[in-house]
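Visitor: Can you keep this structure in mind? I'll have questions shortly.
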Amino acid sequence: MNNNQPRAIAHALAVLEEIATAGPGVTARDISERLQLSPATTYRILNLLVREEYVVRLGDLSGFALGGRVGALAEAHPAVGITRAVSAAMTEIRSRVGIAVHLFSVYGTRLRLLDEDARHPLVDRARSITDLNASAAGRLLLAEIDSDPDGDAQDRASTHERPTTVSLDASSPRGTSTIAVGVRGPALLLVNVIMAAGGRDYVAARREDITKELLRAADHLAPLLS
């Protein structure tokens, strides 16, 4: 193995992870910008992954998606999803709020969709995850990042005021409003985000009640997600 191979493998795995996170339709440009890889490197990795059937080009050439060989790996070693307790808690909060509620996990400076509301899927899943300005969940993570410029969680716990909730109105062409609440783990680190999404007028009229329900759910979910 030459000195460049470990880096190439790491880049290929990062590309696979980015496609899995963003969902079908993510473009080479999106991947290049998100991972800060050169376009040439990104296309070289994508071509290799397509050739080996770990990634497929969508039929309309709009982007990429995970291929059959990734599915085979997942079937051989099933990933651990959310627990029954978390699933039950999400069902309860959705019934209380009456609009879409999604659960994200926080991975460094990224969001991962952990439990999407099957009744009301995200309008633009890829953008909601990769563009942190596109939703209240992303804005909450951005506020968290801004409050910790040095990345020192222990110092931040005592010296920085951390955001609890973030709202974003008309965050999509359909006029969707979103409200996000953070779920915190040890040292008050942001580990998950619960986000409600609904029509602008509906959310505006019930903003206080929706926020209270999300805060209650966050308290309930915190020990279940740790």
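The values are calculated or read from the model by the stated rules, or taken from the named source; none is laboratory data. Fair warning: this is a prediction, and the values are worked out from it, not measured in the lab. Note: ideal-geometry Cβ built from the backbone for every residue, glycine included; neighbour counts use all protein chains shown. SASA here: full protein model, heavy atoms, side chains in, ligands and nucleic acids out. Shrake-Rupley method; radii C 1.70, N 1.55, O 1.52, S 1.80 Å.
Visitor: Of everything in region 42-70 that's of a type in the set (Ser, Thr, Tyr) and open to solvent by 50 Å² or more (accessible area, probe 1.4 Å), which residue is modelled with the highest pLDDT?
Guide: 43
Visitor: If I ask for residues that are at pLDDT 85 or above and charged (D, E, K, R), which ones from region 113-155 would you list?
Guide: Listed by number, the residues that qualify are 115, 116, 117, 119, 139, 144.
Visitor: Given the conditions (1) of a type outside the set (Lys, Arg); (2) under 20 Å from residue 123 (Cα atoms); (3) in contact with a strand residue (DSSP E or B) (Cβ under 7 Å, 6 or more places away or on another chain), report the number of the one that residue 30 does not fulfil.
Guide: Of (1) of a type outside the set (Lys, Arg); (2) under 20 Å from residue 123 (Cα atoms); (3) in contact with a strand residue (DSSP E or B) (Cβ under 7 Å, 6 or more places away or on another chain), only one is false for residue 30: (3).
Visitor: Within region 198-226, can you find the residues that are open to solvent by 20 Å² or more (accessible area, probe 1.4 Å) and hydrophobic (A, V, I, L, M, F, W, C)?
Guide: 204, 205, 215, 222, 224, 225
Visitor: All but one of (1) open to solvent by 50 Å² or more (accessible area, probe 1.4 Å); (2) hydroxyl-bearing (Ser, Thr, Tyr); (3) assigned to a strand (DSSP E or B) hold for residue 105; state the number of the condition that does not hold.
Guide: (1)
Visitor: Can you find a residue in region 14-28 that is within 20 Å of the chain's Cα centre (by Cα), at pLDDT 85 or above and of a type in the set (Ser, Thr, Tyr)?
Guide: Yes: one or more hits.
Visitor: Out of all the residues in region 172-188, which are open to solvent by 30 Å² or more (accessible area, probe 1.4 Å) and either modelled with pLDDT of 85 or more or within 16 Å of the chain's Cα centre (by Cα) (or both)?
Guide: Residue satisfying the conditions is 184 alone.
Visitor: If we keep just the residues of region 2-41 that are of a type in the set (Gly, Ala, Ser) and surrounded by fewer than 11 Cβ atoms within 10 Å (Cβ to Cβ), which is farthest from residue 104 (Cα to Cα)?
Guide: Filtering first and then ranking leaves 40.
Visitor: Let me ask something else about it. Give 119, 96 a once-over and let me know the one that is over 18 Å from residue 33 (Cα atoms), in a loop (DSSP other than H, G, I, E, B) and open to solvent by 10 Å² or more (accessible area, probe 1.4 Å).
Guide: Criteria check complete, one pass: 119.
Visitor: State yes or no: is residue 158 part of a strand (DSSP E or B) and either modelled with pLDDT under 90 or surrounded by fewer than 18 Cβ atoms within 10 Å (Cβ to Cβ) (or both)?
Guide: The answer is no for residue 158.
Visitor: So which residues in region 24-44 are in contact (Cβ under 8 Å) with a residue 12 or more places away in the chain, not β-branched (Val, Ile, Thr) and not in a helix (DSSP H, G or I)?
Guide: Within region 24-44, 24, 25, 37 meet the criteria.
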